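Here's the structure, in C-alpha coordinates; my notes come after.
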Amino acid sequence: MTAAERRAEAKQAYDAYIAQCPSRKLLDALSDKWVSLVLTALANGPLRYSDLARTVAGVSQKMLTQTLRGLERDGLASRTVTASVPVRVDYRLTPLGTSLLPLMAAIKEWAESHIEDVELPREHYDAQRDGEQSGRNSG
(Lines give C-alpha, C1' and ligand atoms only; values in the text may rest on other atoms or scores of the structure.)
Protein backbone atom coordinates (compact mmCIF):
# COMPACT_ATOMS: atom_id res chain seq x y z
CA MET A 1 0.00 0.00 0.00
CA THR A 2 1.37 3.43 -0.92
CA ALA A 3 1.65 6.32 1.53
CA ALA A 4 -1.15 8.14 -0.28
CA GLU A 5 -3.40 5.09 0.00
CA ARG A 6 -2.64 4.79 3.73
CA ARG A 7 -3.51 8.48 4.25
CA ALA A 8 -6.76 8.05 2.32
CA GLU A 9 -7.65 4.98 4.39
CA ALA A 10 -6.87 6.81 7.64
CA LYS A 11 -9.07 9.74 6.59
CA GLN A 12 -11.98 7.39 6.04
CA ALA A 13 -11.45 5.97 9.52
CA TYR A 14 -12.36 9.30 11.16
CA ASP A 15 -16.08 9.40 11.80
CA ALA A 16 -17.37 11.85 14.41
CA TYR A 17 -20.45 9.67 14.93
CA ILE A 18 -18.20 7.02 16.47
CA ALA A 19 -17.74 7.66 20.19
CA GLN A 20 -13.98 7.06 20.22
CA CYS A 21 -13.22 9.22 17.19
CA PRO A 22 -10.65 11.91 18.08
CA SER A 23 -12.48 14.41 15.89
CA ARG A 24 -15.15 14.62 18.62
CA LYS A 25 -12.72 16.40 20.94
CA LEU A 26 -11.94 18.85 18.18
CA LEU A 27 -15.64 19.46 17.52
CA ASP A 28 -16.13 20.02 21.24
CA ALA A 29 -13.32 22.59 21.30
CA LEU A 30 -14.53 24.36 18.16
CA SER A 31 -18.08 24.65 19.47
CA ASP A 32 -16.96 26.77 22.43
CA LYS A 33 -18.23 30.35 22.15
CA TRP A 34 -14.90 31.82 23.23
CA VAL A 35 -13.05 29.84 20.56
CA SER A 36 -15.28 31.17 17.79
CA LEU A 37 -15.08 34.74 19.08
CA VAL A 38 -11.29 34.70 19.52
CA LEU A 39 -10.75 33.13 16.10
CA THR A 40 -12.90 35.72 14.38
CA ALA A 41 -11.28 38.52 16.41
CA LEU A 42 -7.90 37.43 15.00
CA ALA A 43 -9.22 37.52 11.42
CA ASN A 44 -7.68 40.89 10.59
CA GLY A 45 -4.23 40.08 11.90
CA PRO A 46 -2.28 39.65 15.11
CA LEU A 47 -3.55 41.10 18.37
CA ARG A 48 -2.04 41.52 21.80
CA TYR A 49 -3.66 39.80 24.75
CA SER A 50 -5.11 43.08 26.05
CA ASP A 51 -6.55 43.91 22.61
CA LEU A 52 -8.23 40.51 22.49
CA ALA A 53 -9.64 41.01 25.98
CA ARG A 54 -11.15 44.35 24.89
CA THR A 55 -12.48 42.96 21.60
CA VAL A 56 -14.12 39.89 23.15
CA ALA A 57 -16.21 41.63 25.77
CA GLY A 58 -17.14 39.56 28.80
CA VAL A 59 -14.38 36.98 28.57
CA SER A 60 -12.56 36.51 31.86
CA GLN A 61 -8.78 36.52 32.00
CA LYS A 62 -8.86 32.82 32.91
CA MET A 63 -11.10 31.88 29.98
CA LEU A 64 -9.15 33.98 27.49
CA THR A 65 -5.90 32.38 28.62
CA GLN A 66 -7.41 28.87 28.43
CA THR A 67 -8.89 29.58 25.01
CA LEU A 68 -5.63 30.92 23.61
CA ARG A 69 -3.69 27.95 25.00
CA GLY A 70 -6.20 25.57 23.44
CA LEU A 71 -5.99 27.31 20.08
CA GLU A 72 -2.21 27.19 20.25
CA ARG A 73 -2.24 23.51 21.24
CA ASP A 74 -4.55 22.65 18.33
CA GLY A 75 -2.35 24.56 15.90
CA LEU A 76 -5.01 27.18 15.12
CA ALA A 77 -3.19 30.17 16.63
CA SER A 78 0.39 31.03 17.40
CA ARG A 79 1.91 33.14 20.14
CA THR A 80 4.88 35.44 19.54
CA VAL A 81 6.81 36.92 22.45
CA THR A 82 8.85 40.05 21.75
CA ALA A 83 11.48 40.97 24.31
CA SER A 84 10.73 44.50 25.44
CA VAL A 85 9.72 46.32 28.59
CA PRO A 86 7.04 45.22 29.21
CA VAL A 87 7.20 41.97 27.23
CA ARG A 88 4.97 42.06 24.16
CA VAL A 89 2.89 38.98 23.36
CA ASP A 90 0.98 38.77 20.09
CA TYR A 91 -1.46 36.11 18.91
CA ARG A 92 -2.19 35.34 15.28
CA LEU A 93 -3.99 32.70 13.28
CA THR A 94 -1.90 29.95 11.77
CA PRO A 95 -2.65 28.79 8.22
CA LEU A 96 -4.78 26.02 9.76
CA GLY A 97 -6.70 28.59 11.84
CA THR A 98 -7.12 30.80 8.78
CA SER A 99 -8.62 27.84 6.88
CA LEU A 100 -11.26 27.53 9.63
CA LEU A 101 -12.08 31.24 9.66
CA PRO A 102 -14.72 31.27 6.88
CA LEU A 103 -16.77 28.67 8.76
CA MET A 104 -16.48 30.40 12.13
CA ALA A 105 -17.20 33.81 10.64
CA ALA A 106 -20.28 32.38 8.90
CA ILE A 107 -21.57 30.86 12.15
CA LYS A 108 -20.98 34.15 14.00
CA GLU A 109 -22.76 36.12 11.26
CA TRP A 110 -25.63 33.62 11.18
CA ALA A 111 -26.08 33.93 14.95
CA GLU A 112 -26.07 37.72 14.75
CA SER A 113 -28.60 37.85 11.91
CA HIS A 114 -30.95 35.13 13.22
CA ILE A 115 -31.01 35.76 16.98
CA GLU A 116 -34.42 37.40 16.76
CA ASP A 117 -35.73 34.36 14.86
CA VAL A 118 -34.49 32.13 17.69
CA GLU A 119 -35.59 34.25 20.64
CA LEU A 120 -39.33 33.99 19.92
CA PRO A 121 -39.38 30.15 19.85
CA ARG A 122 -37.20 30.13 22.97
CA GLU A 123 -39.67 32.34 24.83
CA HIS A 124 -42.56 30.17 23.67
CA TYR A 125 -40.78 26.97 24.70
CA ASP A 126 -39.79 28.38 28.10
CA ALA A 127 -43.35 29.62 28.75
CA GLN A 128 -44.72 26.16 27.90
CA ARG A 129 -42.19 24.46 30.17
CA ASP A 130 -42.91 26.89 32.98
CA GLY A 131 -46.64 26.18 32.59
CA GLU A 132 -46.03 22.43 32.70
CA GLN A 133 -43.82 22.77 35.77
CA SER A 134 -46.31 24.90 37.69
CA GLY A 135 -49.11 22.44 36.75
CA ARG A 136 -47.10 19.55 38.21
CA ASN A 137 -46.21 21.48 41.35
CA SER A 138 -49.80 22.50 42.09
CA GLY A 139 -51.25 19.00 41.53
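The values are calculated or read from the model by the stated rules, or taken from the named source; none is laboratory data. For clarity, every value in this text was computed on a predicted model and none was experimentally measured. Positions of Cβ are generated from backbone atoms using ideal geometry, with glycine treated the same way; all protein chains shown enter the neighbour counts. Ligands, DNA and RNA are stripped out before the accessible areas are found, and what is left, the full protein with its side chains, is counted by its heavy atoms. Shrake-Rupley method; radii C 1.70, N 1.55, O 1.52, S 1.80 Å.
Taking helices (runs of 4 or more DSSP H) as the structural unit, those lying wholly within segment 1-67 and holding at least 1 residues that are of a type outside the set (S, T, Y) and over 30 Å from V81 (Cα atoms) correspond to 3-13, 23-30.
All but one of (1) open to solvent by less than 70 Å² (accessible area, probe 1.4 Å); (2) part of a strand (DSSP E or B) hold for R79, so report the exception by its number. So R79 meets the others, but not (1).
Can you spot a residue in segment 114-136 that is open to solvent by less than 100 Å² (accessible area, probe 1.4 Å), in contact (Cβ under 8 Å) with a residue 24 or more places away in the chain and either in a helix (DSSP H, G or I) or among the small types (G, A, S) (or both)? Looking through segment 114-136, none of the residues is open to solvent by less than 100 Å² (accessible area, probe 1.4 Å), in contact (Cβ under 8 Å) with a residue 24 or more places away in the chain and either in a helix (DSSP H, G or I) or among the small types (G, A, S) (or both). A count restricted to segment 23-65 and to residues that are free of Cβ contacts under 8 Å to residues at least 24 places away in the same chain and either over 19 Å from T98 (Cα atoms) or out of contact with any Leu (no Cβ under 8 Å at 6 or more places or on another chain) (or both) stands at 18.
Per the listing S84, S23, S60, the residue uniquely open to solvent by 50 Å² or more (accessible area, probe 1.4 Å) and modelled with pLDDT under 95 is S84.
Within segment 96-113, the set of residues being open to solvent by less than 100 Å² (accessible area, probe 1.4 Å) and not polar (S, T, N, Q) comprises L96, G97, L100, L101, P102, M104, A105, A106, K108, A111.
Taking residues in segment 91-107 that are farther than 17 Å from R79 by Cβ, and partners anywhere that are in a helix (DSSP H, G or I), the pairs with Cβ atoms closer than 6 Å and at least 6 places apart or on different chains are L101/A43; M104/S36; M104/L39; M104/T40; A105/T40.
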